[in-house]
Amino acid sequence: MNATKMIGAVLIVGGVLGLVFGGFSFTKETHKAVVGPLSLSVTEKESVIIPLWASLIAIAAGAAVLVAGSKKG
């Protein structure tokens, strides 16, 4: 599998995952203060929302890359 087909497949899979899940969240831990033996840390939950249009564009771009790659080689 050449690089063009690989990029096209990754774009399509990423677009489909964006459509199915709509986003993802992760936990970020930050250390705010350390005073002697005491340490205060804060965990924040971050959410990333993937827009519908971005998923659709990724799928279309992946399909275009696959079609262009198959016509070339």
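Miscellaneous remarks
- Where only DSSP H runs of four or more residues are counted, the chain gives -19000 deg cm²/dmol as its mean residue ellipticity at 222 nm, each run worth -39500 (n - 2.57).
- Charged-residue dipole, Cβ positions (Lys, Arg, Asp, Glu), the chain about Cα centre, Debye nearest 20: 320 debye
- Of the solvent-accessible surface of the chain, computed with a 1.4 Å probe and all protein chains present, 70% belongs to carbon and sulfur.
- Against the main long axis of the alpha-carbon atoms of the chain, helix 3-21 sits at an angle near 60°.
- Probing with 1.4 Å while keeping every protein chain in the model, the per residue accessible area of the chain equals 77 Å².
- Lysine pair count for the chain [Cα-Cα under 26 Å; pairs on different chains or 8 or more apart]: 4
- Modelled FRET efficiency - R0 35 Å, residue 13 with residue 38, Cβ distances, 0.05 increments: 0.15
- Across the chain, the relative contact order, built from alpha-carbon pairs under 8 Å that are at least six residues apart, equals 45 percent.
- For the Cα trace of the chain, dividing Rg by the Kirkwood Rh returns an Rg/Rh value of 1.34.
- Rough spin-label spacing in nm, given labels placed 7 Å along Cα→Cβ, for residue 26 and residue 2: 3.3 nm
The values are calculated or read from the model by the stated rules, or taken from the named source; none is laboratory data. The structure presented is a predicted model; accordingly, all values stated were derived computationally and were not measured. Virtual Cβ from ideal backbone geometry, glycine too; neighbours counted across all protein chains shown. Note: areas computed on protein heavy atoms with side chains; ligands, DNA, RNA excluded. Shrake-Rupley method; radii C 1.70, N 1.55, O 1.52, S 1.80 Å.
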